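Visitor: Following this message is one structure expressed as structure tokens.
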Amino acid sequence: PPLPARPRADGFTGLVSSVGDLTARLAALATLGGLAALLAYTPTGPGRTLTGAGRRAATFAARSAQVWFAASALQTVANAAFVVGVPLGLVPGSWWTFVVANQSALAWLFSALVAAATSVTAYVARSYAPPVIAYIAGVLALAFVGVTGNASVGLDHDWATDAMIAVTLAFVPLASSAVGVLVRGPGGDADADALARALLLRPRLLLVDQ
């Protein structure tokens, strides 16, 4: 008899995984945008402490990180089921087995942990050092998710994963900086406005160059 093909998940599992993926990535971008606003676009207080504007940006980042955490936690179930090709309902009973056997699920678990830590950090931070660490961890979490996705399969996947790392490290700081300007709102420093316009324009120039 013919050998069975690779199992595929049902449509509902694929839909949940897709929506969770998009939600997590957008929430992560919003979180890092809030941190970017805090770190680059708000004034500093005495002794490099957070000002009122910085606290507002930190609160935005903390709340966005909660959405990021929830979506990433969902993905440890939905994405694991989708990748393995089983219905969503089969995963919760053997959740840890699915996670440790699946690099993509591990990446989403790391993303959830980073999101949770970022939310707590943004709420309790009174200086700039903890948000800097949270920002770097967030970029790395997005890179981890990227390299364990579609880029990791098929021919020349080593080139694809290298490219995904490079794109993530280039795009996420640019995009989060643009979001940071929106989080900060009007009335900021003129130099920050000029930098923000350059960051918003740069991706368009790259597209035109291609």
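Visitor: Which pairs have Cβ atoms under 6 Å, sit 6 or more apart or on different chains, and link a residue in the range 126-141 that is aliphatic (A, V, I, L, M) to one that is part of a helix (DSSP H, G or I) and at pLDDT 90 or above?
Guide: If the second residue must be part of a helix (DSSP H, G or I) and at pLDDT 90 or above, the pairs left are 134/118; 134/121; 137/114; 139/172; 141/110; 141/111; 141/114.
Every residue, every condition in (1) over 24 Å from residue 11 (Cβ atoms); (2) among the aromatic types (Phe, Trp, Tyr); (3) more than 17 Å from the chain's Cα centre (by Cα), yes or no:
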| position | (1), (2), (3) |
| --- | --- |
| 65 | yes, no, no |
| 82 | no, yes, yes |
| 86 | no, no, yes |
| 101 | no, no, yes |
| 137 | yes, no, no |
| 159 | yes, yes, yes |
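Visitor: In addition: Could you give me the residue pairs with C-beta distances under 8 Å whose first residue belongs to the range 35-49 and is touching a residue at least 24 places away in the same chain (Cβ under 8 Å) and outside any loop (DSSP other than H, G, I, E, B), whose second residue is of a type in the set (D, E, K, R) and buried (at least 20 other Cβ atoms within 10 Å of the Cβ) wherever it lies, and which are 6+ apart or on separate chains?
Guide: 37/184
Visitor: Now a separate question. Going by the conditions given, is residue 31 in contact with a strand residue (DSSP E or B) (Cβ under 8 Å, 6 or more places away or on another chain), in contact (Cβ under 8 Å) with a residue 24 or more places away in the chain and of a type outside the set (A, V, I, L, M)? Walk me through it before giving the result.
Guide: Numbers: in contact with a strand residue (DSSP E or B) (Cβ under 8 Å, 6 or more places away or on another chain): no; in contact (Cβ under 8 Å) with a residue 24 or more places away in the chain: yes; of a type outside the set (A, V, I, L, M): yes.
No.
Visitor: Then there is this: Please enumerate the residues belonging to the range 52-103 that are hydroxyl-bearing (Ser, Thr, Tyr), open to solvent by less than 80 Å² (accessible area, probe 1.4 Å) and over 18 Å from residue 134 (Cβ atoms). Lay out the reasoning, then the answer.
Guide: Of the residues in the range 52-103, the ones hydroxyl-bearing (Ser, Thr, Tyr) are 59, 64, 72, 76, 94, 97.
Next, from what is left, pick out any that are open to solvent by less than 80 Å² (accessible area, probe 1.4 Å): 59, 64, 72, 76, 94.
Hits for the range 52-103 are 76, 94.
Visitor: Here is a follow-up. What's the total number of residues in the range 173-196 that are open to solvent by 20 Å² or more (accessible area, probe 1.4 Å) and either in contact with a Lys or Arg (Cβ under 7 Å, 6 or more places away or on another chain) or modelled with pLDDT under 55 (or both)?
Guide: So the count comes out to 8.
Visitor: Additional query: Scan the range 106-129 for residues that are in a helix (DSSP H, G or I) and at pLDDT below 90 and jot them down.
Guide: 129
The values are calculated or read from the model by the stated rules, or taken from the named source; none is laboratory data. Being a predicted model, the structure only gives us computed values, none of them experimental. Positions of Cβ are generated from backbone atoms using ideal geometry, with glycine treated the same way; all protein chains shown enter the neighbour counts. Just the protein is used for accessible areas: all its heavy atoms, side chains included, with ligands, DNA and RNA removed. Shrake-Rupley method; radii C 1.70, N 1.55, O 1.52, S 1.80 Å.
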